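Working notes, beginning with the structure itself.
The values are calculated or read from the model by the stated rules, or taken from the named source; none is laboratory data. The structure presented is a predicted model; accordingly, all values stated were derived computationally and were not measured. When we count neighbours, we look across all protein chains shown, and the Cβ atoms used for this are built from the backbone with ideal geometry, even at glycine.
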Amino acid sequence: MLSARQAETLESVALPLLAMGGALLLFGAFVWAGGKSPVDAWTLLFKGAFGDWFSWQNSLQRAAPLMLTALCVAIPARAGLVVIGGEGALVLGGLAGATLPYVVTPPANAFGSALLLAAAGAAGAGWIALVGLLRQRRGVNETISSLLLAYIAIALFKHLVEGPLRDPASLNKPSTRPIADGLLIGGIGGSDIHWGLAFGIVACIASGLWLFQTPSGFATRVVGGNARAALLVGLPGTRLIVIACALGGACAGLAGGIEVLAVHTSANAALIAGLGYSGILVSFVARHNPWAVMPVAVLFGGFGAAGSLLQRRMDLPDASVLVLQGFAFLLILASEALRGRLFVASAVSGPVRGAVSGLSAGPLPSRPALPSGKWPTHSSDEGLS
């Protein structure tokens, strides 16, 4: 019989796989309802995502920002927050990276690129940290505030790009001034895969190490698992929550900066492509595990890359892959109802039955008295809930 820990691990892998399998079946039914072959659609999905080296390059290029925007959801989720405003942090990060040359003239080399990316990360960090502060200081729900702040960020982005920061040479497509060639991020080994993929992988690995291997990461997970217990043992919940939000926002802002330096070469409306919202799905499928974010981001990057092939071969809209993503998101949310009821329940029921049968019919032991004295508290955590 599986131990409870083994059963929990198996369940955390099985439920997302079952949800993705169900999403593919529903997508096949959707294609069949439109008079197309589901088998052809599934085949083209695989070929367009991972069929050859060209497909792999497209998939990995699309996966890079998804890794970073997924971390904007995954890291705060470990602190008990549901933050879905990564799109706002991404566009502000891209805007900050594109407009830094308006203020200072960075050197046209790797150091200058690092300055632009640092500005992008700082903009995203500050924007999502505001979500944590609003929750802790004013009790504002983080899901609502992060979503509304995303709309504000997008409106601010459009106003600045189409107004004060617009390059006069951008006639048909309002944009900021182009980034200097020496500041752009090139491909890895001459391929179409830019160095943003390396940033995403490093960020996922570092986030996982911080959450699972450091005392502060453990404290953050304690706050997310039981905020009241964290308060009783004296953990600075407000500080940890704001830090988690800032780290997640920095990742999303970095994604925006990378998109500007590696893909668009300036800040324009193409940056508002829903990558922040796709990161929500990636994080939920990965169960908010930064290490699992990497393969899931590659999978969904592949789905996005396959959209054009479905359009050419089957006359399906390029956005039809969004239907697949929608099915996946719905089934992932529905699978939460089964969490702890499949393998874990069967693994735990045996030991529990044995323990219950071994209880004597005598009186239950009295509950020990609590020690005298006050529990440690922090005035900064009065809003912890």
Against the definition (within 20 Å of the chain's Cα centre (by Cα), surrounded by fewer than 24 Cβ atoms within 10 Å (Cβ to Cβ) and of a type in the set (Gly, Ala, Ser)), how does residue 273 come out, yes or no? yes
Select from the range 191-207 the residues that are crowded, with 20+ Cβ neighbours inside 10 Å and either small (Gly, Ala, Ser) or free of Cβ contacts under 8 Å to residues at least 60 places away in the same chain (or both) and list them in ascending order. 196, 200, 203, 207
Residue pairs within 9 Å by beta carbon, gap of at least six or interchain, first lying in the range 228-253 and free of Cβ contacts under 8 Å to residues at least 60 places away in the same chain and among the hydroxyl-bearing types (Ser, Thr, Tyr), second assigned to a helix (DSSP H, G or I) and surrounded by 24 or more Cβ atoms within 10 Å (Cβ to Cβ), listed first then second, are none
Go through the range 247-270 and give me each residue that's of a type in the set (Gly, Ala, Ser) and either touching a Phe, Trp or Tyr at 6+ places or on another chain (Cβ under 8 Å) or buried (at least 24 other Cβ atoms within 10 Å of the Cβ) (or both). 248, 249, 250, 252, 253, 255, 256, 257, 262, 267
Checking the condition touching a helix residue (DSSP H, G or I) at 6+ places or on another chain (Cβ under 9 Å), over 30 Å from residue 162 (Cα atoms) and among the β-branched types (Val, Ile, Thr), which residue from 179, 201 passes? 201
Filtered residues of the range 220-259 (kept if farther than 21 Å from residue 283 by Cα and among the aliphatic types (A, V, I, L, M)): 227, 229, 230, 231, 232, 233, 235
Condition set free of Cβ contacts under 8 Å to residues at least 40 places away in the same chain and in a helix (DSSP H, G or I), scope the range 153-163, selection nearest to the chain's Cα centre (by Cα): answer is 155
Quick one: would you say residue 21 is outside any helix (DSSP H, G or I) and at pLDDT below 95? no
What number of residues within the range 93-123 satisfy the criterion of being in contact (Cβ under 8 Å) with a residue 60 or more places away in the chain, more than 21 Å from residue 175 (Cα to Cα) and within 26 Å of the chain's Cα centre (by Cα)? 1
Within the range 267-385, helices (runs of 4 or more DSSP H) holding 3 or more residues that are modelled with pLDDT under 90: 290-314, 320-335, 343-357
Single residue of 12, 59, 55 found to be of a type in the set (Ser, Thr, Tyr), under 28 Å from residue 202 (Cα atoms) and crowded, with 19+ Cβ neighbours inside 10 Å: 59
Selected residue (only one of 135, 166, 177 is among the basic types (Lys, Arg) and part of a helix (DSSP H, G or I)): 135
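For every residue, the table says whether it meets (1) out of contact with any strand residue (DSSP E or B) (no Cβ under 9 Å at 6 or more places or on another chain); (2) more than 25 Å from residue 116 (Cβ to Cβ).
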position: 259; (1), (2): yes, no
position: 263; (1), (2): no, no
position: 267; (1), (2): no, no
position: 274; (1), (2): yes, no
position: 279; (1), (2): yes, no
position: 297; (1), (2): yes, no
position: 301; (1), (2): yes, no
position: 304; (1), (2): yes, yes
How many residues does the range 35-80 contain that are under 30 Å from residue 227 (Cα atoms) and either in a helix (DSSP H, G or I) or hydrophobic (A, V, I, L, M, F, W, C) (or both)? 14
Flag for residue 256 being under 16 Å from the mean Cα position of the chain (by Cα) and closer than 23 Å to residue 95 by Cα: yes
Report yes if residue 145 is in contact with a strand residue (DSSP E or B) (Cβ under 8 Å, 6 or more places away or on another chain) and touching a residue at least 12 places away in the same chain (Cβ under 8 Å), otherwise no. no
Exactly one condition in (1) under 20 Å from residue 262 (Cα atoms); (2) surrounded by fewer than 22 Cβ atoms within 10 Å (Cβ to Cβ) is false for residue 113; which is it? (2)
Restricting attention to the range 142-152, does a residue exist that is of a type in the set (Asp, Glu), surrounded by 16 or more Cβ atoms within 10 Å (Cβ to Cβ) and assigned to a helix (DSSP H, G or I)? yes
